[in-house]
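A short write-up of the structure that comes next.
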Amino acid sequence: MEAEACVVGAGAAGGIIALELARRGIRVVVLESGPRHDFGRRGEYVRRYLRHENPWRSPLPELDRYTPGGPTPYVLDWKRVRGVGGSTLHWEGYTLRLHADDFRLRSLHGIADDWPISYQDLEPFYARAEKALGVAGTPDDPWASPRSTPFPLPPFPLSYSDGRFAGACRSLGIALHHLPQARNSVAYGGRAQCRACSTCHVCPTGAKASIDLTHIPEAEATGRVRVVTEATVVRLETDRVGEVSAAVFARPDKVEQRVTARVFVVAAGAIETARLLLLSSSRAAPDGLANRSRLVGKFFMSHPSIEVTGLARDKVHPYRIGFSTAVSRQFTVERDRASRGAFMLEFMNSAGPTPDRLAVTSGQWGEALRRHVQDEFGRRLGIRVYCEQLPDRANSVSLNPRVRDYFGNPGPHIHYSVGGYERRALDEAKEIAGRIFAAMGLTDVRRSNLMFAAHQIGTHRMGTDPSVSVVDTNLKAHDVANLYLVGSGCFVTASSSPPTLTIAALAIRAAEHIAARLHPTGRVAPSVSSHEHEPRLTS
Ligand SMILES: Cc1cc2nc3c(=O)[nH]c(=O)nc-3n(C[C@H](O)[C@H](O)[C@H](O)COP(=O)(O)OP(=O)(O)OC[C@H]3O[C@@H](n4cnc5c(N)ncnc54)[C@H](O)[C@@H]3O)c2cc1C
Ligand code: SF4
């Protein structure tokens with residue numbers, strides 16, 4: 001196969017790059033390791049989810065082999081998806097912009113590093129990403145950085161429990177505000193309005209944005225994008241001048257095939273992108289492709305997280321809405337971040353054990369069981385905390401030759417630890433949550449164990465100095481002239497906001513640069529109407 005651009009991965013980053021390039025007349029081959037998860041089978045996937053099975057499990061589980069290590073091992077299970085749409089098939093859809101201060105930790109607080117681009121550089125691309133994904137929100141976040149456009153969709157109303165949280169927060173001087181999300185508060189982009197059916201990890205209506213619905217159909221309809229599924233890139237080959245000449249991929253039959261292209265974009269998620277570069281070592285690049293800095297795989301980050309719950313006297317009606325509607329970013333900026341991380345408070349609409357969990361753990365039967373579930377269910381309120389993690393070189397993705405994937409390649413080893421910076425922030429967050437619960441009159445306040453968000457960040461950081469970074473501000477690898485690495489792997493710091501809106505904004509920005517490079521005269525093929533080819537979905 002031959003293309004102008006070859007994209008590895010059809011998730012948020014890869015799907016957006018493919019569509020943006022195709023709109024500019026560029027022929028693209030996308031190689032996606034996973035299958036197409038047919039929208040028509042969402043009912044079956046919902047049933048798996050309700051049975052507490054992984055709805056998006058890989059058809060080839062051997063592809064997902066990895067080893068967790070370090071003091072607080074980062075477990076990847078349920079934290080990524082292979083398939084057209086990538087992890088957006090499973091995600092919650094919360095889409096906050098980073099704050100302008102998040103790009104300047106070194107300048108403002110003397111720690112970590114500044115990004116080589118600013119919030120202002122990214123702002124127009126945030127606006128385009130919000131439109132493409134269909135973000136519902138309202139500008140009531142006092143800590144949001146300035147925006148040039150309104151949210152494309154109106155916000156979801158605050159829930160019953162948000163109202164109870166809001167009163168207590170107000171009495172403590174804490175601002176609670178709407179949570180922006182890529183979910184249809186009204187019908188948008190050919191997709192249905194959300195029905196509040198509460199199974200958002202598998203959305204049966206298509207109201208939750210996922211790249212298989214928002215980008216891939218339009219990209220394919222241009223006639224310029226070919227998506228090859230169940231095609232795992234096993235290495236990138238380079239030519240004599242050190243540019244990538246081919247992406248070598250294999251399908252389940254293990255027969256190797258090649259795609260040649262002028263430009264290659266690896267958008268395989270922070271862990272698999274780093275692994276693919278390390279797997280693509282050669283005599284000229286013995287430490288791995290694009291790894292002269294020896295930083296590929298380093299500075300892996302996530303968002304350490306806890307949940308704090310409290311017991312109300314009366315019913316608080318959880319689990320009626322599958323997603324959260326309110327947060328507070330009061331503790332994310334405008335504070336001393338030199339010694340403890342920023343954190344975000346998410347006011348959960350679903351907390352405490354579900355009726356089935358209460359039932360199977362009760363040891364009761366018949367009428368006693370019915371009464372137990374009725375009395376116990378629906379009285380817990382919860383606050384989830386996402387904390388900023390500092391980049392630490394020791395937290396890293398490397399190859400583990402003792403663990404082989406389906407194709408016989410070494411799997412990733414993830415070394416991970418959470419330090420004092422993050423733990424101090426989580427302790428402070430727990431104390432604040434405790435004050436909110438006390439103001440609400442809740443009892444039996446409990447803190448969960450340390451958890452980690454399904455956000456994989458770092459591993460090919462962006463920078464202007466090739467000795468301390470892997471990609472430049474256009475996400476081009478410093479060492480390889482025709483290789484781009486797109487995704488949250490390029491983040492310099494993690495902030496406390498979820499990463500995907502920023503992934504999308506950076507992908508649109510990188511696509512503009514790649515298109516200008518491939519077609520310097522600005523030749524653009526006729527654009528395909530963004531509505532003509534949108535999927536028409538209803539519940
Ligand atoms: C349960 C869950 C909830 C989440 N909630 C949120 C949220 O609310 N907000 C938020 O911002 N983020 C959230 N995330 C994270 C979000 O989904 C990811 O940040 C985002 O999808 C990453 O996009 P990506 O394109 O970089 O990577 P991915 O979506 O992981 O896509 C990478 C793709 O590359 C493919 N691939 C990997 N290796 C190869 C290879 N060698 N060859 C070919 N293809 C390959 C994979 O199969 C995959 O399809 C959540 C994630 C999960 C799992
Ligand atoms: S509540 Fe239902 S319709 Fe709405 S996004 Fe979640 S799964 Fe989709």
Do you know the relative contact order of the chain, to the nearest whole percent, from alpha carbon pairs under 8 angstrom that are 6+ apart? 24
dims of segment 275-392, Cα set, principal axes, largest to smallest, nearest Å -> 72, 39, 23
Per-peptide average of other Cβ atoms within 10 Å, ordering 170-177, 76-83, 486-493 highest first: 486-493, 76-83, 170-177
With just the Cα atoms of segment 7-85, tell me how far they stretch along each of the three principal axes, in Å, largest first. 45, 37, 19
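Counting only Cα atoms, I'd like the Rg/Rh figure for segment 289-328, Kirkwood definition for Rh.
Details: Rg = 20.4 Å, Rh = 15.4 Å.
My calculation puts Rg/Rh at 1.33.
Using Cα pairs closer than 8 Å and at least 6 residues apart in sequence, work out the relative contact order for segment 230-347, in percent.
Numbers: 118 pairs, mean separation 16.2, N = 118.
Averaging sequence separation for qualifying contacts and normalising by length gives 14 percent for segment 230-347.
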How high is the relative contact order of segment 59-193, in percent, with contacts defined as C-alpha pairs under 8 Å that are six or more residues apart? 22
Reported to the nearest 10 Å², F377 has, with a 1.4 Å probe, an accessible area equal to 50
Give me the three principal axis extents of the chain from the C-alpha atoms, as integers in angstrom, largest value leading. 71, 51, 50
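Using heavy-atom solvent-accessible surface (probe 1.4 Å) with all chains present, what is the largest-first order of F39, F343? Intermediate results must be reported in sequence, preceding the final value.
Values: F39 50, F343 0 Å².
In descending accessible area the options line up as F39, F343.
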Tell me, how many Å apart are the Cα centres for segment 132-198 and for segment 330-395? 20
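Please sort 347-356, 283-292, 13-22 by packing, taking for each peptide the average over its residues of neighbouring beta carbons within 10 angstrom, highest first.
Working: 347-356: 19.2, 283-292: 17.4, 13-22: 29.7.
The most tightly packed comes first, giving 13-22, 347-356, 283-292.
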For K208, counting only lysines whose alpha-carbon sits under 25 Å away and dropping same-chain residues fewer than eight positions off, the answer is K79, K131
Could you tell me what % of all Cα pairs in segment 1-150 have separations over 29 Å? 38
For segment 1-79 and segment 250-268, what is the separation of their C-alpha centers, rounded to whole Å? 15
Hydrophobic long helices for the chain, i.e. whole DSSP H runs reaching 18 angstrom or more by Cα along the axis with Kyte-Doolittle mean at least 0.0, come out as 500-518
How large is Rg/Rh for segment 260-308, to two decimals, with Cα atoms and a Kirkwood Rh? 1.14
Ignoring everything except DSSP H segments at least 4 long, calculate the 222 nm mean residue ellipticity for the chain; use -39,500 (n - 2.57) per segment, divide by total residues, nearest 500. -7500 deg cm²/dmol
Could you let me know the centre-to-centre spacing of segment 487-513 and segment 406-442, using Cα atoms, in angstrom? 22
Please compute the per residue accessible area over the chain with all protein chains in place, 1.4 Å probe, rounded to a whole number of Å². 38
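So if I place +1 on the C-beta of Lys and Arg and -1 on the C-beta of Asp and Glu, and nothing else carries charge, what would the dipole magnitude of segment 345-500 be about its Cα centre? I want it in debye, nearest 20. Walk me through the numbers on the way to the answer.
Details: 17 positive and 16 negative charges, 67 e Å.
The calculation lands at about 320 debye.
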Measure of compaction for segment 331-443 (Cα Rg per 2.2 N^0.38 Å): 1.60
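State to the nearest 20 debye the size of the charge dipole of the chain about its Cα centre, where the only charges are +1 on K and R beta carbons and -1 on D and E beta carbons.
Values: 67 positive and 55 negative charges, 127 e Å.
It works out to roughly 600 debye.
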Log entry: pair-distance distribution for segment 162-216, C-alpha pairs binned every 5 Å from zero, whole % per bin is 4, 17, 21, 16, 11, 12, 11, 6, 2, 0
In whole percent, and with a 1.4 Å probe on the protein chains, what portion of the accessible area of the chain is carbon and sulfur? 51
Please name whichever of A368, L381, N395 sits farthest to the positive end of the charge dipole of segment 259-398, dipole taken about the Cα centre and charges placed at Cβ: Lys and Arg +1, Asp and Glu -1. N395
Packing-wise, with mean Cβ within 10 Å as the measure, how do 193-202, 129-138 rank, highest first? 129-138, 193-202
Sorted by accessible area with a 1.4 angstrom probe, largest first, how do R294, R357 fall? R294, R357
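The values are calculated or read from the model by the stated rules, or taken from the named source; none is laboratory data. All values derive from a computational prediction rather than experimental measurement. Positions of Cβ are backbone-derived with ideal geometry, glycine not excepted, and every protein chain shown enters the neighbour counts. Accessible surface areas use protein heavy atoms only, side chains included; no ligands, DNA or RNA. Shrake-Rupley method; radii C 1.70, N 1.55, O 1.52, S 1.80 Å.
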